1. Once amide H atoms are built 1.01 Å from N in the peptide plane, which residues 5 or more positions from Thr209, or in another chain, come under 5 Å H to H?
2. Can you work out the base-10 log of I(q)/I(0) for the stretch 172-277 at q = 0.17, 0.21, 0.23 1/Å, using the Debye formula on its C-alpha atoms alone?
3. Test of understanding: what is the full-extension gain from Phe60 to Glu246, defined as 0.36 nm times their sequence separation minus their Cα-Cα distance?
4. Classify the stretch 86-161 from the C-alpha gyration tensor, please: rounded if a/c falls under 1.5, else prolate or oblate depending on whether a/b exceeds b/c.
5. Can you pull the one-decimal nm distance between simple spin-label points at Val320 and Thr39, each 7 Å off the Cα toward Cβ?
6. Sort out for me the Cα centre separation of the stretch 8-70 from the stretch 111-156, rounded to whole Å.
7. Scan around Ala318 for amide H atoms under 5 Å from its own, H built in the peptide plane at 1.01 Å from N, and keep only partners 5 or more places away or cross-chain.
8. What does the charge add up to near Leu84, with Lys and Arg as +1, Asp and Glu as -1, over the other residues with Cβ less than 11 Å from its Cβ?
Amino acid sequence: MKLDIKSMTLPELRTAFQARNLPAYRAKQVFTWLHRGATRFADMSDLPKDLRATLAETYFITAPEIARKQVSKRDGTVKYLWRLGDGNCVESVLMRYRHGNTICISTEVGCAMGCKFCASTLGGLVRRLSPAEMLDQVLFAGQDAEMPISNIVLMGIGEPLDNLDSVLRFLELVNSPEGLNIGMRHISLSTCGLVERIDELAERKLQLTLSVSLHAPDDESRSAIMPVNRRWPVDDLLAACRRYFEKTGRRVSFEYTMIDGVSDSEAQARLLASKLRGMAAHVNLIPLNAVAERTLRPSPRPSVARFQEILERAGVTATVRRSLGGDIDASCGQLRRKYAGEEEGTEWKHGD
Ligand code: SAH
């Protein structure tokens, strides 16, 4: 069995090379090649030929294929569907903002969390991604789109905290000065609210932004749309967010999907405000992206505006998230579902 070399950190690579009596600087050379997107040892031209051959016998290099690519005509958002080494597919979305290019990456194939509004969880969890498979989304999307990537959000398919070890290793890789060198402050991690893992993450004192998918302020409504709430109710989750802020000094960001008749009442806005008051928090209101397989509908605009006004009046900062890529199924898991449902030979309109 060959080993996954791109999931290894530089110190690990050095140790492994030392054990083979290879000089440490070779580890750094290989690491640099990998993080520039090299997919074959044979291409690592500054390594001796026999070393390239030895490495190829010991290690493999992950290299996803682009199974589908869609470019939004409206805003230049690019959506990728990647085919991984074992044939499974995941998605990434590359968005252009004034402050830089942001990529939204997947952390798992499918998802076990079961949120009622989300397309990613419809087929359950298939498997977790390796650190290299997360890094590849950043490397190869940036390369393909010829766009330098400055920000990363872990908000694609999957629950990052359900794959915490690999996610932490991915963060170390992408943060490495010898690699992409993307600062922790340019990274956001989104979770549906696995309280124990939030505490574990807080212990690391990373400077990344924790983004919590709240979507409702009361247990009855939240449990109806998010099964995770039955295990960790709203108040437990908010207590963990406070602990996270105390440990890291980082303001927590809340995602709040506006669902017609489910999460958008004025009473819910007032309850949310009372629960977040005095907390270093920011709320992102996101109109639901209707998913074909689901019956839930987005809130009408006036309800969203009213909700925001109630929060702001109570001193809770809230923004209505600009929706990018609405014309290209850019919402979580939608492209993967569509692809799985397509018949062989169906025409795919590139760039539509
Ligand atoms: N599992 C993590 C990260 C992936 S989901 C989490 O739950 O946070 C990324 C975000 O998209 C979450 O806030 C999720 O609730 C939201 N989301 C999923 N489906 C959506 C939809 N149809 N419309 C709007 N937001 C959606």
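A short reminder: the numbers here are calculations on the coordinates, not readings from a lab. Keep in mind it's a predicted model, so treat the numbers as computed, not measured. Don't worry about glycine lacking a Cβ; one is built from the backbone with ideal geometry, like all the others, and counts go over all protein chains shown.
1. Here Ile187, Ser188, Leu189 satisfy the definition.
2. -0.80, -1.08, -1.22
3. Here the answer is 62.8 nm.
4. Numbers: a/c = 2.50, a/b = 1.66, b/c = 1.51.
Prolate is the answer for the stretch 86-161, as a/c is 1.5 or above and a/b outweighs b/c.
5. Spacing of the two 7 Å Cα→Cβ label points: 4.3 nm.
6. Taking the Cα centre of the stretch 111-156 as reference, the centre of the stretch 8-70 is 23 Å away.
7. Excluding prolines and chain starts, which carry no amide H, the hits are Val283.
8. It works out to a net charge of -2.
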